[in-house]
1. Please go through the stretch 189-203 and pick out each residue that is more than 16 Å from the ligand (Cβ to nearest atom) and in a loop (DSSP other than H, G, I, E, B).
2. Might you check whether a residue that is part of a helix (DSSP H, G or I), within 17 Å of the chain's Cα centre (by Cα) and not aromatic (Phe, Trp, Tyr) occurs anywhere in the stretch 289-307?
3. I'm trying to understand the selection: among the residues of the stretch 113-129, which are open to solvent by less than 40 Å² (accessible area, probe 1.4 Å) and of a type in the set (Lys, Arg)?
4. Would the stretch 104-123 turn up any residue that is within 15 Å of the ligand (Cβ to nearest atom), over 14 Å from the mean Cα position of the chain (by Cα) and among the aromatic types (Phe, Trp, Tyr)?
5. If you scan the stretch 94-138, which residues turn out to be small (Gly, Ala, Ser), in a helix (DSSP H, G or I) and either without any contact (Cβ under 8 Å) to a residue 24 or more places away in the chain or closer than 14 Å to Tyr234 by Cα (or both)?
6. Can you name the condition, by its number, that Ala338 falls short on among (1) out of contact with any Gly (no Cβ under 7 Å at 6 or more places or on another chain); (2) crowded, with 16+ Cβ neighbours inside 10 Å; (3) under 29 Å from Arg38 (Cβ atoms)?
7. Tell me which of these Ile27 doesn't satisfy, since it passes every other one: (1) without any contact (Cβ under 8 Å) to a residue 60 or more places away in the chain; (2) open to solvent by less than 60 Å² (accessible area, probe 1.4 Å).
8. I need a count of the residues in the stretch 147-185 that are open to solvent by less than 30 Å² (accessible area, probe 1.4 Å) and either among the β-branched types (Val, Ile, Thr) or not in a strand (DSSP E or B) (or both).
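The values are calculated or read from the model by the stated rules, or taken from the named source; none is laboratory data. Keep in mind the model is a prediction, meaning the values are calculated, not measured. Because the Cβ atoms are built from the backbone with ideal geometry, glycine has one as well, and the counts that use them run over all protein chains shown. With ligands, DNA and RNA removed, areas are computed over all heavy atoms of the protein, side chains included. Shrake-Rupley method; radii C 1.70, N 1.55, O 1.52, S 1.80 Å.
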Amino acid sequence: MLEGVNARAAKRREIDPADERELLDAIERWVEREVAPRVLEYDHADRYPHELVEQMKELGLFGATIGAEYGGLALPAATYARIVMAISSVWMSITGIFNSHLMLAHAIERFGTDRQKGEWLPKLAKGEVRGGIALTEPDAGTDLQGIRTTARRAGDGYVINGAKTWISNGIEGSCFALLVKTDPQAEPRHKGMSLFIAPKQEGLKVGRKLEKLGYKCIDSAELVFESYSVPAHYLIGEQEGQGFYQASSGLELGRINVAARGVGIAEGALALATKYSQGRKTFGKPICDHQAIQLKLADMATRARAARLLTLDAANAFDRGERCDLEAGMAKLFASEAALENATESMRIHGAYGYSKEYHIERLYRDAPLTCIGEGTNEMQRIIIARQWIKHHPAP
Ligand SMILES: Cc1cc2nc3c(=O)[nH]c(=O)nc-3n(C[C@H](O)[C@H](O)[C@H](O)COP(=O)(O)OP(=O)(O)OC[C@H]3O[C@@H](n4cnc5c(N)ncnc54)[C@H](O)[C@@H]3O)c2cc1C
(Lines give C-alpha, C1' and ligand atoms only; values in the text may rest on other atoms or scores of the structure.)
Protein backbone atom coordinates (compact mmCIF):
# COMPACT_ATOMS: atom_id res chain seq x y z
CA MET A 1 0.00 0.00 0.00
CA LEU A 2 2.66 2.52 1.13
CA GLU A 3 4.80 1.43 -1.76
CA GLY A 4 2.00 2.46 -4.11
CA VAL A 5 1.59 5.83 -2.38
CA ASN A 6 5.35 6.45 -2.57
CA ALA A 7 5.47 5.50 -6.22
CA ARG A 8 2.63 7.90 -6.94
CA ALA A 9 4.25 10.65 -4.86
CA ALA A 10 7.51 10.18 -6.75
CA LYS A 11 5.65 10.63 -10.02
CA ARG A 12 3.75 13.68 -8.79
CA ARG A 13 4.95 16.93 -10.24
CA GLU A 14 4.04 20.34 -8.97
CA ILE A 15 4.66 23.94 -10.00
CA ASP A 16 4.17 27.16 -8.08
CA PRO A 17 1.14 28.97 -9.59
CA ALA A 18 3.19 32.18 -9.99
CA ASP A 19 5.90 30.27 -11.91
CA GLU A 20 3.26 28.66 -14.08
CA ARG A 21 1.73 32.07 -14.87
CA GLU A 22 5.15 33.49 -15.75
CA LEU A 23 5.85 30.57 -18.06
CA LEU A 24 2.46 30.82 -19.76
CA ASP A 25 2.89 34.58 -20.20
CA ALA A 26 6.23 33.97 -21.92
CA ILE A 27 4.64 31.39 -24.22
CA GLU A 28 1.67 33.64 -25.03
CA ARG A 29 3.98 36.56 -25.82
CA TRP A 30 6.05 34.31 -28.09
CA VAL A 31 2.94 33.06 -29.88
CA GLU A 32 1.68 36.60 -30.41
CA ARG A 33 5.03 38.06 -31.49
CA GLU A 34 6.62 35.24 -33.50
CA VAL A 35 4.02 32.65 -34.43
CA ALA A 36 0.82 34.53 -35.29
CA PRO A 37 2.33 36.87 -37.88
CA ARG A 38 3.97 33.99 -39.82
CA VAL A 39 1.45 31.20 -39.63
CA LEU A 40 -0.40 31.86 -42.89
CA GLU A 41 2.82 32.08 -44.87
CA TYR A 42 4.22 28.84 -43.40
CA ASP A 43 0.95 26.96 -43.75
CA HIS A 44 0.35 27.92 -47.37
CA ALA A 45 3.93 27.06 -48.33
CA ASP A 46 3.83 23.86 -46.20
CA ARG A 47 7.33 24.86 -45.07
CA TYR A 48 9.05 23.43 -41.99
CA PRO A 49 9.37 26.27 -39.42
CA HIS A 50 13.11 25.98 -38.68
CA GLU A 51 13.24 29.50 -37.20
CA LEU A 52 10.42 28.74 -34.76
CA VAL A 53 12.02 25.41 -33.81
CA GLU A 54 15.18 27.27 -32.74
CA GLN A 55 13.02 29.55 -30.58
CA MET A 56 11.16 26.54 -29.18
CA LYS A 57 14.53 25.12 -28.08
CA GLU A 58 15.28 28.37 -26.23
CA LEU A 59 11.87 28.29 -24.55
CA GLY A 60 12.72 24.80 -23.28
CA LEU A 61 9.75 23.18 -25.02
CA PHE A 62 11.71 20.11 -26.13
CA GLY A 63 12.39 19.34 -22.47
CA ALA A 64 9.02 20.51 -21.12
CA THR A 65 8.07 17.24 -19.41
CA ILE A 66 11.56 15.75 -19.04
CA GLY A 67 12.94 15.56 -15.47
CA ALA A 68 15.09 18.42 -14.17
CA GLU A 69 17.97 16.01 -13.49
CA TYR A 70 18.23 15.54 -17.27
CA GLY A 71 17.98 19.25 -18.05
CA GLY A 72 14.21 19.35 -18.66
CA LEU A 73 11.60 21.69 -17.17
CA ALA A 74 9.84 18.78 -15.37
CA LEU A 75 6.46 20.40 -15.90
CA PRO A 76 3.31 18.77 -14.61
CA ALA A 77 1.00 17.47 -17.36
CA ALA A 78 -1.55 20.19 -16.51
CA THR A 79 0.94 23.01 -17.11
CA TYR A 80 2.13 21.32 -20.25
CA ALA A 81 -1.48 20.99 -21.44
CA ARG A 82 -2.02 24.72 -20.86
CA ILE A 83 1.04 25.47 -23.00
CA VAL A 84 -0.26 23.23 -25.79
CA MET A 85 -3.69 24.91 -25.58
CA ALA A 86 -2.15 28.40 -25.84
CA ILE A 87 -0.04 27.51 -28.89
CA SER A 88 -2.78 25.47 -30.59
CA SER A 89 -5.27 28.31 -30.32
CA VAL A 90 -3.09 30.00 -32.94
CA TRP A 91 -1.23 27.17 -34.68
CA MET A 92 -1.75 23.55 -33.70
CA SER A 93 0.79 22.06 -36.15
CA ILE A 94 3.87 23.23 -34.32
CA THR A 95 2.85 21.50 -31.10
CA GLY A 96 3.34 18.20 -32.97
CA ILE A 97 7.03 19.01 -33.29
CA PHE A 98 7.55 18.71 -29.53
CA ASN A 99 4.55 16.52 -28.56
CA SER A 100 5.73 13.41 -30.41
CA HIS A 101 9.30 14.16 -29.34
CA LEU A 102 8.22 14.23 -25.69
CA MET A 103 6.46 10.89 -26.09
CA LEU A 104 9.79 9.37 -27.12
CA ALA A 105 11.38 11.02 -24.07
CA HIS A 106 8.54 9.81 -21.84
CA ALA A 107 9.07 6.20 -22.94
CA ILE A 108 12.79 6.42 -22.15
CA GLU A 109 12.32 8.27 -18.85
CA ARG A 110 9.59 5.97 -17.59
CA PHE A 111 10.82 2.60 -18.81
CA GLY A 112 14.46 3.04 -19.80
CA THR A 113 17.56 1.88 -17.97
CA ASP A 114 19.78 4.43 -16.20
CA ARG A 115 22.21 4.16 -19.08
CA GLN A 116 19.47 4.92 -21.65
CA LYS A 117 18.18 7.87 -19.63
CA GLY A 118 21.68 9.30 -19.16
CA GLU A 119 22.56 8.86 -22.81
CA TRP A 120 19.41 10.22 -24.45
CA LEU A 121 17.37 12.47 -22.16
CA PRO A 122 19.84 15.40 -21.85
CA LYS A 123 20.13 15.60 -25.65
CA LEU A 124 16.36 15.34 -26.08
CA ALA A 125 15.74 17.99 -23.39
CA LYS A 126 17.93 20.51 -25.23
CA GLY A 127 16.36 19.66 -28.59
CA GLU A 128 19.83 18.68 -29.83
CA VAL A 129 18.26 15.35 -30.77
CA ARG A 130 14.63 15.64 -31.84
CA GLY A 131 12.37 12.76 -32.63
CA GLY A 132 9.06 11.02 -32.39
CA ILE A 133 7.27 7.76 -31.97
CA ALA A 134 6.99 5.14 -34.72
CA LEU A 135 4.11 2.74 -34.12
CA THR A 136 1.82 2.84 -37.17
CA GLU A 137 2.45 0.69 -40.25
CA PRO A 138 0.80 0.67 -43.66
CA ASP A 139 -1.40 -2.26 -42.57
CA ALA A 140 -1.68 -1.61 -38.84
CA GLY A 141 -2.82 1.57 -37.10
CA THR A 142 -5.61 0.97 -34.62
CA ASP A 143 -4.72 -2.71 -34.42
CA LEU A 144 -1.14 -2.12 -33.31
CA GLN A 145 -0.67 -5.76 -32.36
CA GLY A 146 -0.87 -6.51 -36.09
CA ILE A 147 2.43 -4.77 -36.91
CA ARG A 148 4.93 -6.68 -39.05
CA THR A 149 8.22 -4.91 -38.34
CA THR A 150 10.52 -7.44 -36.68
CA ALA A 151 13.67 -7.26 -34.57
CA ARG A 152 15.77 -10.44 -34.72
CA ARG A 153 18.44 -11.07 -32.12
CA ALA A 154 21.89 -11.19 -33.75
CA GLY A 155 24.96 -11.47 -31.50
CA ASP A 156 25.11 -8.45 -29.19
CA GLY A 157 22.27 -6.65 -30.87
CA TYR A 158 19.16 -6.80 -33.02
CA VAL A 159 18.52 -6.53 -36.75
CA ILE A 160 15.29 -4.73 -37.63
CA ASN A 161 13.28 -4.99 -40.87
CA GLY A 162 9.95 -3.39 -41.71
CA ALA A 163 8.18 -0.13 -42.54
CA LYS A 164 6.39 2.55 -40.54
CA THR A 165 4.13 5.25 -41.88
CA TRP A 166 2.57 8.58 -40.86
CA ILE A 167 5.49 9.21 -38.54
CA SER A 168 5.47 12.80 -37.28
CA ASN A 169 8.94 14.41 -37.41
CA GLY A 170 9.96 11.53 -39.69
CA ILE A 171 12.11 13.79 -41.87
CA GLU A 172 13.38 16.47 -39.47
CA GLY A 173 13.66 14.18 -36.43
CA SER A 174 16.69 12.01 -35.85
CA CYS A 175 15.55 9.43 -33.29
CA PHE A 176 12.37 7.42 -32.76
CA ALA A 177 10.72 5.08 -30.28
CA LEU A 178 10.19 2.14 -32.61
CA LEU A 179 7.60 -0.56 -31.94
CA VAL A 180 8.51 -4.00 -33.33
CA LYS A 181 7.82 -7.68 -32.90
CA THR A 182 10.65 -9.55 -31.19
CA ASP A 183 8.52 -12.70 -31.18
CA PRO A 184 6.07 -12.66 -34.10
CA GLN A 185 4.56 -16.02 -33.05
CA ALA A 186 3.76 -14.95 -29.47
CA GLU A 187 0.22 -15.44 -28.16
CA PRO A 188 -1.27 -13.18 -26.98
CA ARG A 189 0.34 -11.04 -29.68
CA HIS A 190 1.33 -8.14 -27.39
CA LYS A 191 3.73 -10.41 -25.46
CA GLY A 192 5.97 -10.54 -28.53
CA MET A 193 6.29 -6.75 -28.89
CA SER A 194 9.21 -4.53 -27.91
CA LEU A 195 10.09 -0.84 -28.09
CA PHE A 196 13.51 0.30 -29.32
CA ILE A 197 15.37 3.58 -29.38
CA ALA A 198 16.03 3.97 -33.10
CA PRO A 199 18.36 6.78 -34.16
CA LYS A 200 18.77 7.62 -37.83
CA GLN A 201 21.71 5.66 -39.20
CA GLU A 202 22.55 3.15 -41.90
CA GLY A 203 19.61 0.86 -42.61
CA LEU A 204 16.91 3.51 -41.97
CA LYS A 205 15.58 5.13 -45.14
CA VAL A 206 13.14 8.02 -44.96
CA GLY A 207 10.43 7.54 -47.53
CA ARG A 208 8.27 10.22 -49.05
CA LYS A 209 6.80 13.16 -47.17
CA LEU A 210 3.07 12.56 -46.98
CA GLU A 211 0.81 15.28 -48.38
CA LYS A 212 -2.00 16.21 -45.99
CA LEU A 213 -5.28 18.11 -45.80
CA GLY A 214 -4.01 20.19 -42.86
CA TYR A 215 -1.46 19.87 -40.07
CA LYS A 216 0.93 21.44 -42.56
CA CYS A 217 4.62 22.17 -42.11
CA ILE A 218 5.26 19.34 -39.68
CA ASP A 219 6.67 16.41 -41.63
CA SER A 220 4.72 13.14 -41.68
CA ALA A 221 6.74 10.43 -43.39
CA GLU A 222 7.34 6.77 -44.06
CA LEU A 223 10.35 5.15 -42.40
CA VAL A 224 11.79 2.00 -43.94
CA PHE A 225 14.08 -0.27 -41.92
CA GLU A 226 16.29 -2.64 -43.94
CA SER A 227 18.83 -4.73 -42.04
CA TYR A 228 18.92 -1.89 -39.52
CA SER A 229 21.22 -2.95 -36.64
CA VAL A 230 21.11 -1.65 -33.08
CA PRO A 231 22.97 -2.78 -29.96
CA ALA A 232 20.90 -4.71 -27.38
CA HIS A 233 21.04 -1.75 -24.98
CA TYR A 234 18.80 0.23 -27.39
CA LEU A 235 15.88 -2.01 -26.35
CA ILE A 236 13.94 0.22 -23.92
CA GLY A 237 14.24 -1.27 -20.43
CA GLU A 238 16.42 -4.03 -21.96
CA GLN A 239 13.57 -6.48 -21.60
CA GLU A 240 11.72 -8.01 -24.54
CA GLY A 241 7.93 -8.27 -24.59
CA GLN A 242 7.20 -4.93 -22.84
CA GLY A 243 6.78 -2.79 -25.96
CA PHE A 244 3.00 -2.81 -26.28
CA TYR A 245 2.58 -1.84 -22.64
CA GLN A 246 5.29 0.82 -22.89
CA ALA A 247 3.80 2.33 -26.05
CA SER A 248 0.23 2.21 -24.70
CA SER A 249 1.12 3.85 -21.40
CA GLY A 250 2.65 6.75 -23.35
CA LEU A 251 -0.66 7.13 -25.11
CA GLU A 252 -2.32 8.26 -21.85
CA LEU A 253 -0.14 11.37 -21.86
CA GLY A 254 -0.43 11.47 -25.66
CA ARG A 255 -4.22 11.66 -25.39
CA ILE A 256 -4.01 14.53 -22.91
CA ASN A 257 -1.73 16.30 -25.41
CA VAL A 258 -4.16 15.77 -28.29
CA ALA A 259 -7.05 16.87 -26.10
CA ALA A 260 -5.11 20.07 -25.32
CA ARG A 261 -4.60 20.62 -29.04
CA GLY A 262 -8.36 20.19 -29.51
CA VAL A 263 -9.04 22.74 -26.77
CA GLY A 264 -6.67 25.18 -28.48
CA ILE A 265 -8.44 24.83 -31.84
CA ALA A 266 -11.89 25.03 -30.23
CA GLU A 267 -10.90 28.20 -28.35
CA GLY A 268 -9.09 29.68 -31.34
CA ALA A 269 -12.11 29.12 -33.60
CA LEU A 270 -14.36 30.67 -30.95
CA ALA A 271 -12.09 33.73 -30.62
CA LEU A 272 -12.10 34.27 -34.39
CA ALA A 273 -15.89 33.95 -34.55
CA THR A 274 -16.38 36.25 -31.55
CA LYS A 275 -14.30 38.99 -33.16
CA TYR A 276 -15.69 38.59 -36.66
CA SER A 277 -19.33 38.49 -35.54
CA GLN A 278 -18.97 41.84 -33.77
CA GLY A 279 -17.49 43.56 -36.83
CA ARG A 280 -19.58 42.11 -39.64
CA LYS A 281 -22.96 43.76 -40.10
CA THR A 282 -26.06 42.53 -41.91
CA PHE A 283 -29.51 44.12 -41.90
CA GLY A 284 -28.14 47.12 -40.03
CA LYS A 285 -26.60 45.33 -37.05
CA PRO A 286 -23.57 43.22 -36.13
CA ILE A 287 -24.28 39.56 -36.88
CA CYS A 288 -23.64 38.70 -33.20
CA ASP A 289 -26.95 40.44 -32.52
CA HIS A 290 -28.81 37.88 -34.64
CA GLN A 291 -30.13 35.08 -32.51
CA ALA A 292 -29.01 32.38 -34.97
CA ILE A 293 -25.38 33.50 -34.51
CA GLN A 294 -25.80 33.84 -30.74
CA LEU A 295 -26.93 30.22 -30.51
CA LYS A 296 -23.81 29.12 -32.34
CA LEU A 297 -21.54 31.26 -30.14
CA ALA A 298 -23.18 29.91 -26.99
CA ASP A 299 -22.65 26.31 -28.05
CA MET A 300 -19.08 27.00 -29.13
CA ALA A 301 -18.19 28.74 -25.86
CA THR A 302 -19.75 25.95 -23.81
CA ARG A 303 -17.95 23.24 -25.80
CA ALA A 304 -14.60 25.03 -25.51
CA ARG A 305 -14.97 25.44 -21.76
CA ALA A 306 -16.10 21.87 -21.19
CA ALA A 307 -13.20 20.60 -23.31
CA ARG A 308 -10.71 22.65 -21.26
CA LEU A 309 -12.11 21.38 -17.95
CA LEU A 310 -12.13 17.73 -19.06
CA THR A 311 -8.55 18.02 -20.30
CA LEU A 312 -7.27 19.62 -17.12
CA ASP A 313 -9.18 17.02 -15.09
CA ALA A 314 -7.32 14.23 -16.94
CA ALA A 315 -3.98 16.06 -16.67
CA ASN A 316 -4.44 16.59 -12.93
CA ALA A 317 -5.21 12.88 -12.45
CA PHE A 318 -2.05 12.07 -14.43
CA ASP A 319 -0.03 14.45 -12.23
CA ARG A 320 -1.34 12.74 -9.10
CA GLY A 321 0.14 9.53 -10.50
CA GLU A 322 -3.27 7.94 -10.99
CA ARG A 323 -4.20 5.69 -13.85
CA CYS A 324 -6.31 7.97 -16.05
CA ASP A 325 -7.10 6.23 -19.31
CA LEU A 326 -10.83 6.83 -18.75
CA GLU A 327 -10.34 10.57 -18.10
CA ALA A 328 -7.75 10.97 -20.87
CA GLY A 329 -9.99 9.10 -23.32
CA MET A 330 -13.01 11.28 -22.44
CA ALA A 331 -10.94 14.46 -22.74
CA LYS A 332 -9.46 13.41 -26.08
CA LEU A 333 -12.85 12.40 -27.48
CA PHE A 334 -14.70 15.50 -26.33
CA ALA A 335 -12.01 18.09 -27.05
CA SER A 336 -11.28 16.80 -30.56
CA GLU A 337 -14.97 16.74 -31.49
CA ALA A 338 -15.28 20.24 -29.98
CA ALA A 339 -12.38 21.37 -32.18
CA LEU A 340 -14.07 20.01 -35.29
CA GLU A 341 -17.50 21.44 -34.45
CA ASN A 342 -16.18 24.85 -33.39
CA ALA A 343 -14.00 25.13 -36.50
CA THR A 344 -17.00 24.29 -38.69
CA GLU A 345 -19.34 26.69 -36.90
CA SER A 346 -16.77 29.47 -36.88
CA MET A 347 -16.23 29.01 -40.61
CA ARG A 348 -19.97 29.33 -41.18
CA ILE A 349 -20.12 32.48 -39.08
CA HIS A 350 -17.41 33.93 -41.35
CA GLY A 351 -19.64 33.39 -44.40
CA ALA A 352 -17.68 33.48 -47.67
CA TYR A 353 -14.60 34.78 -45.86
CA GLY A 354 -14.52 31.53 -43.91
CA TYR A 355 -13.80 29.84 -47.22
CA SER A 356 -10.94 32.20 -48.04
CA LYS A 357 -7.29 31.26 -47.63
CA GLU A 358 -6.63 34.80 -46.47
CA TYR A 359 -8.45 34.12 -43.22
CA HIS A 360 -7.24 31.84 -40.42
CA ILE A 361 -10.43 29.89 -39.93
CA GLU A 362 -10.09 27.73 -43.06
CA ARG A 363 -6.76 26.49 -41.65
CA LEU A 364 -8.31 25.58 -38.30
CA TYR A 365 -11.04 23.78 -40.26
CA ARG A 366 -8.38 21.70 -42.06
CA ASP A 367 -6.31 21.09 -38.90
CA ALA A 368 -9.15 20.03 -36.59
CA PRO A 369 -9.92 16.53 -38.01
CA LEU A 370 -6.44 15.25 -37.14
CA THR A 371 -7.29 15.51 -33.46
CA CYS A 372 -10.11 12.98 -34.04
CA ILE A 373 -7.61 10.48 -35.55
CA GLY A 374 -4.29 10.85 -33.72
CA GLU A 375 -3.44 8.93 -30.52
CA GLY A 376 -6.30 6.53 -31.15
CA THR A 377 -9.32 7.34 -33.26
CA ASN A 378 -12.45 8.63 -31.57
CA GLU A 379 -14.26 5.42 -32.45
CA MET A 380 -11.65 3.56 -30.36
CA GLN A 381 -11.84 6.18 -27.60
CA ARG A 382 -15.52 5.43 -27.23
CA ILE A 383 -14.80 1.72 -26.96
CA ILE A 384 -12.07 2.30 -24.34
CA ILE A 385 -14.34 4.64 -22.36
CA ALA A 386 -17.23 2.17 -22.44
CA ARG A 387 -15.03 -0.76 -21.33
CA GLN A 388 -13.55 1.25 -18.45
CA TRP A 389 -16.95 2.60 -17.50
CA ILE A 390 -18.49 -0.87 -17.27
CA LYS A 391 -15.47 -2.14 -15.33
CA HIS A 392 -15.86 0.67 -12.78
CA HIS A 393 -19.62 0.16 -12.53
CA PRO A 394 -20.29 -3.57 -12.19
CA ALA A 395 -23.92 -4.51 -11.77
CA PRO A 396 -24.65 -5.25 -8.08
C1 LIG B 1 -1.14 13.56 -39.53
C2 LIG B 1 -0.94 12.26 -38.82
C3 LIG B 1 0.14 12.11 -37.95
C4 LIG B 1 0.37 10.87 -37.35
N5 LIG B 1 1.49 10.73 -36.56
C6 LIG B 1 1.81 9.47 -36.12
C7 LIG B 1 3.06 9.26 -35.43
O8 LIG B 1 3.83 10.18 -35.17
N9 LIG B 1 3.36 8.00 -35.05
C10 LIG B 1 2.53 6.94 -35.30
O11 LIG B 1 2.89 5.83 -34.96
N12 LIG B 1 1.35 7.12 -35.95
C13 LIG B 1 0.97 8.35 -36.37
N14 LIG B 1 -0.21 8.55 -37.03
C15 LIG B 1 -1.07 7.40 -37.31
C16 LIG B 1 -2.31 7.35 -36.44
O17 LIG B 1 -1.98 7.05 -35.12
C18 LIG B 1 -3.24 6.29 -37.09
O19 LIG B 1 -3.68 6.84 -38.31
C20 LIG B 1 -4.42 5.96 -36.22
O21 LIG B 1 -4.00 5.20 -35.12
C22 LIG B 1 -5.49 5.15 -37.00
O23 LIG B 1 -4.93 4.09 -37.68
P24 LIG B 1 -5.28 3.86 -39.22
O25 LIG B 1 -5.10 5.14 -39.94
O26 LIG B 1 -4.47 2.69 -39.68
O27 LIG B 1 -6.83 3.50 -39.26
P28 LIG B 1 -7.48 2.04 -39.14
O29 LIG B 1 -6.93 1.36 -37.95
O30 LIG B 1 -7.38 1.36 -40.43
O31 LIG B 1 -9.00 2.44 -38.87
C32 LIG B 1 -9.88 2.85 -39.93
C33 LIG B 1 -11.25 3.16 -39.32
O34 LIG B 1 -11.79 2.00 -38.68
C35 LIG B 1 -12.08 2.31 -37.31
N36 LIG B 1 -11.79 1.14 -36.50
C37 LIG B 1 -10.68 0.37 -36.50
N38 LIG B 1 -10.79 -0.64 -35.64
C39 LIG B 1 -11.99 -0.51 -35.04
C40 LIG B 1 -12.71 -1.25 -34.03
N41 LIG B 1 -12.18 -2.29 -33.42
N42 LIG B 1 -13.94 -0.82 -33.69
C43 LIG B 1 -14.49 0.28 -34.25
N44 LIG B 1 -13.88 1.00 -35.21
C45 LIG B 1 -12.64 0.62 -35.59
C46 LIG B 1 -11.16 3.48 -36.97
O47 LIG B 1 -11.68 4.21 -35.88
C48 LIG B 1 -11.18 4.26 -38.26
O49 LIG B 1 -12.36 5.03 -38.32
C50 LIG B 1 -0.51 9.79 -37.58
C51 LIG B 1 -1.63 9.97 -38.41
C52 LIG B 1 -1.86 11.19 -39.01
C53 LIG B 1 -3.06 11.35 -39.92
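1. Within the stretch 189-203, Gln201, Glu202, Gly203 meet the criteria.
2. Within the stretch 289-307, one or more residues are part of a helix (DSSP H, G or I), within 17 Å of the chain's Cα centre (by Cα) and not aromatic (Phe, Trp, Tyr).
3. Matches in the stretch 113-129: Lys117 only.
4. No, the stretch 104-123 has no match at all.
5. Within the stretch 94-138, Ala105, Ala107, Gly118 qualify.
6. (1)
7. Of everything listed in (1) without any contact (Cβ under 8 Å) to a residue 60 or more places away in the chain; (2) open to solvent by less than 60 Å² (accessible area, probe 1.4 Å), Ile27 misses just condition (1).
8. 11
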